[in-house]
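One structure is given here, and the rest of the page talks about it.
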Amino acid sequence: MSLNLEGKKEVVSDVIANIAKAQTMVLAEYRGTVVVGMTKLRADARSQGVYLRVIKNTLARRAVVGTSFEVAKDQMVGPLIYSFSEDAVAAAKVVNDFAKGNEKFVIKGGAYNGKVLDQAGVQALANIPSKEVLLAQLLGLMQSPISRMARVLAAVAEKKSGSPAEAAPAA
């Protein structure tokens, strides 16, 4: 069913509102994907904070005009599902994980930070750990020297107090 002019304007404004907050856009061809699979994809996207929608390509092209995603206009061909996310890797992760189990679901490309991504670029972006994981790794790195220093100081204090562990003969 085709949309009237007001319906089209509403779709474009909805997409524009979500694009304004997004860092990443991923495009995938969904031809031949079963409804059950698409329902699972939509649920996964919702849980990860990813805006996922099937949009007519002409409306999508209008929505991306003047944004950093305009560079991907040439990729907007065929039956596509569009995914946008505020988190730089969330959209790529959701789409890439779904594509691994569905051979008919094909990643076409996308855009990130004003640069066009091909299928390999989307997969590379999907393999980057999430922001939370990266922050946890950074915190672990920052705590490592402090914890080592604490262990050394504890060992020195133990040695000076003459603990019974030292009294045992070394073999």
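The figures follow:
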quantity: Which numbered condition Ser85 fails, given (1) hydroxyl-bearing (Ser, Thr, Tyr); (2) under 13 Å from the mean Cα position of the chain (by Cα); (3) farther than 30 Å from Leu27 by Cα; calculated: (3)
quantity: Total residues in the range 17-38, condition over 19 Å from the mean Cα position of the chain (by Cα) and open to solvent by 80 Å² or more (accessible area, probe 1.4 Å); calculated: 4
quantity: Residues within the range 88-117 that are under 13 Å from the mean Cα position of the chain (by Cα) and aliphatic (A, V, I, L, M), tallied; calculated: 8
quantity: Total residues in the range 120-141, condition in contact with a Lys or Arg (Cβ under 9 Å, 6 or more places away or on another chain) and either more than 17 Å from Gln23 (Cα to Cα) or of a type in the set (D, E, K, R) (or both); calculated: 0
quantity: Residues satisfying the stated conditions in the range 106-121, i.e. touching an Asp or Glu at 6+ places or on another chain (Cβ under 7 Å) and either open to solvent by 70 Å² or more (accessible area, probe 1.4 Å) or farther than 12 Å from Ala72 by Cα (or both); calculated: Val106, Lys108
quantity: Count of the range 9-59 residues which are among the polar types (S, T, N, Q) and without any contact (Cβ under 8 Å) to a residue 12 or more places away in the chain; calculated: 4
quantity: Exclusive hit being modelled with pLDDT of 90 or more and polar (S, T, N, Q), set Ser83, Ser147; calculated: Ser83
quantity: Unmet requirement for Leu3, which otherwise passes all of (1) part of a helix (DSSP H, G or I); (2) in contact with a helix residue (DSSP H, G or I) (Cβ under 8 Å, 6 or more places away or on another chain); calculated: (1)
quantity: Qualifying residues in the range 82-97 (those that are of a type outside the set (Lys, Arg) and farther than 11 Å from Tyr51 by Cβ) - the one surrounded by the fewest Cβ atoms within 10 Å (Cβ to Cβ); calculated: Asp97
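The values are calculated or read from the model by the stated rules, or taken from the named source; none is laboratory data. This structure is a prediction, so every number in the text was calculated from the model and none was measured. Here Cβ is always computed from backbone atoms with ideal geometry, including for glycine, and neighbour counts include all displayed protein chains. Remember, those area values only see protein heavy atoms, side chains included, never the ligands or the DNA or RNA. Shrake-Rupley method; radii C 1.70, N 1.55, O 1.52, S 1.80 Å.
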